[in-house]
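Presented below is the structure to which this report refers.
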Ligand SMILES: Cc1cc2nc3c(=O)[nH]c(=O)nc-3n(C[C@H](O)[C@H](O)[C@H](O)COP(=O)(O)OP(=O)(O)OC[C@H]3O[C@@H](n4cnc5c(N)ncnc54)[C@H](O)[C@@H]3O)c2cc1C
């Protein structure tokens, strides 16, 4: 094969989603990734209900046996806890990255996407992708090569604003799950996330501004989470990653478009990175099939707005233990506020509606 309609650089979740969506529109698609599947990565492994809806649009169904249901979110800290269920009847899911990767590959293969593994892309030209000595012609080139994207640099799309760079670590523990919520544990300068990924494993991630603060040490600052894990065997090695709110000035140029973490990121605390890339895939494919990438920019910005807002709201609590405590107390006393925040988070109400009932003002006062 010497030519294709769409060449996707990076076969992580965003690249595979982009490939599936483009193939659904009848385009010929090649994906190349330097690694070999199943590809693992530091991740909280939670898919919010809106991510499941986006996956359904791609024709991807996650078998019940591969995932755990997530019914909402629980905040814990200072000996307090507050929780809210997802609105509606659709739960979120938590699933091992490796299982999600396999399921996405199966769907892409089923649609006839050409997948090239252990095939690092070494450069691009106007309508060409280079893999070492091999060259493949492509009408469209998609950069789905993650947070340190080289495609972004090659296409001169690197101009970005980045806020709140944090360092995250994750590991799995062999312990019977104690919750069907995505749990966020608030320490003074570190948060811990726990999600059940099977009947015997929990995924634990921590994030802070301190690159030296690895998982074990972070857990000591999160006593409630630490006590859940006491004596549990570890089931995976510790993996690290950076986490930040990053917005690019542009996400396309000429015939090159970026998707997923290559196109900007939202902090891990939102649990929205994957869902965002699945939604981006659908709009990107629609722009490709109409032959015009200009609409992708605005749609991309619109999709990122809500998770970025939620990340900023939640990170306003970081390093402010008194405020964390106050918010937890308010969420316990007025659970409907937490429920509406969660509904905003997953996109079932708009910030406009939230503002209408005065909650935005309340939240603003609390975070002032
Ligand atoms: C600690 C942490 C917790 C998170 N928790 C959640 C969560 O609970 N829920 C959620 O939805 N999101 C979460 N996220 C975000 C989510 O993990 C990312 O948004 C998601 O992995 C982005 O996928 P991607 O395909 O864009 O990038 P990646 O998964 O990084 O994939 C990029 C791929 O490109 C390949 N590649 C790179 N360069 C080349 C090249 N030159 N040639 C060929 N291939 C190349 C790589 O091998 C890789 O496979 C979390 C992130 C962090 C850091």
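The values are calculated or read from the model by the stated rules, or taken from the named source; none is laboratory data. These figures come from a predicted structure and were not determined experimentally. Virtual Cβ from ideal backbone geometry, glycine too; neighbours counted across all protein chains shown.
For every residue, the table says whether it meets (1) at pLDDT below 95; (2) in contact with a helix residue (DSSP H, G or I) (Cβ under 6 Å, 6 or more places away or on another chain); (3) assigned by TED's automatic domain parsing to the domain that holds residue 169; (4) surrounded by fewer than 20 Cβ atoms within 10 Å (Cβ to Cβ).
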residue	(1), (2), (3), (4)
9	no, yes, no, no
12	no, no, no, no
21	no, yes, no, no
26	no, no, no, yes
43	no, yes, no, no
51	no, yes, no, no
87	yes, yes, no, yes
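Okay, residues lined up against (1) in contact (Cβ under 8 Å) with a residue 24 or more places away in the chain; (2) in contact with a helix residue (DSSP H, G or I) (Cβ under 6 Å, 6 or more places away or on another chain); (3) farther than 30 Å from residue 308 by Cβ; (4) outside the structural domain of residue 31 (by TED's automatic domain parsing):
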residue	(1), (2), (3), (4)
64	no, no, yes, no
82	yes, yes, no, yes
106	no, no, yes, no
109	no, no, yes, no
112	yes, no, yes, no
117	yes, no, yes, no
125	no, no, yes, no
132	no, no, yes, no
153	no, no, no, no
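Applying the set (1) surrounded by fewer than 16 Cβ atoms within 10 Å (Cβ to Cβ); (2) within 16 Å of the chain's Cα centre (by Cα) to residue 298 leaves exactly one unmet item: (2).
Is it fair to say residue 313 is away from the ligand (no atom under 15 Å from the Cβ) and farther than 26 Å from residue 55 by Cβ? In short, no. Quick one: which residue in 288, 317 is in contact with a strand residue (DSSP E or B) (Cβ under 8 Å, 6 or more places away or on another chain) and modelled with pLDDT of 95 or more? Within the list 288, 317, the selection yields 288.
Within the stretch 71-80, none of the residues are farther than 30 Å from residue 331 by Cα and either within 12 Å of the ligand (Cβ to nearest atom) or modelled with pLDDT of 95 or more (or both).
In the stretch 302-314 there is no residue that is more than 19 Å from residue 162 (Cα to Cα) and either part of a loop (DSSP other than H, G, I, E, B) or not assigned by TED's automatic domain parsing to the domain that holds residue 183 (or both).
Please indicate, with yes or no, whether at least one residue in the stretch 130-142 is within 10 Å of the ligand (Cβ to nearest atom) and either within 21 Å of the chain's Cα centre (by Cα) or within 30 Å of residue 320 (Cα to Cα) (or both). The answer is no; no qualifying residue exists. A count restricted to the stretch 258-293 and to residues that are in contact (Cβ under 8 Å) with a residue 24 or more places away in the chain and away from the ligand (no atom under 13 Å from the Cβ) stands at 7. Restricting 283, 256 to residues that are farther than 15 Å from residue 153 by Cα and modelled with pLDDT of 95 or more narrows the list to 283. For the stretch 25-50, residues that are within 6 Å of the ligand (Cβ to nearest atom) and either within 25 Å of residue 140 (Cβ to Cβ) or part of a helix (DSSP H, G or I) (or both) total 5. The residues in the stretch 231-253 that are modelled with pLDDT of 95 or more, away from the ligand (no atom under 16 Å from the Cβ) and over 26 Å from residue 292 (Cβ atoms) can be counted, and the count is 4. If you go through the stretch 185-203 and pick out every residue that is assigned to a strand (DSSP E or B) and either more than 19 Å from residue 315 (Cα to Cα) or in contact with a helix residue (DSSP H, G or I) (Cβ under 7 Å, 6 or more places away or on another chain) (or both), you end up with 11.
The number of residues in the stretch 156-166 being surrounded by 21 or more Cβ atoms within 10 Å (Cβ to Cβ) and either more than 27 Å from residue 30 (Cα to Cα) or within 13 Å of the ligand (Cβ to nearest atom) (or both) comes to 1.
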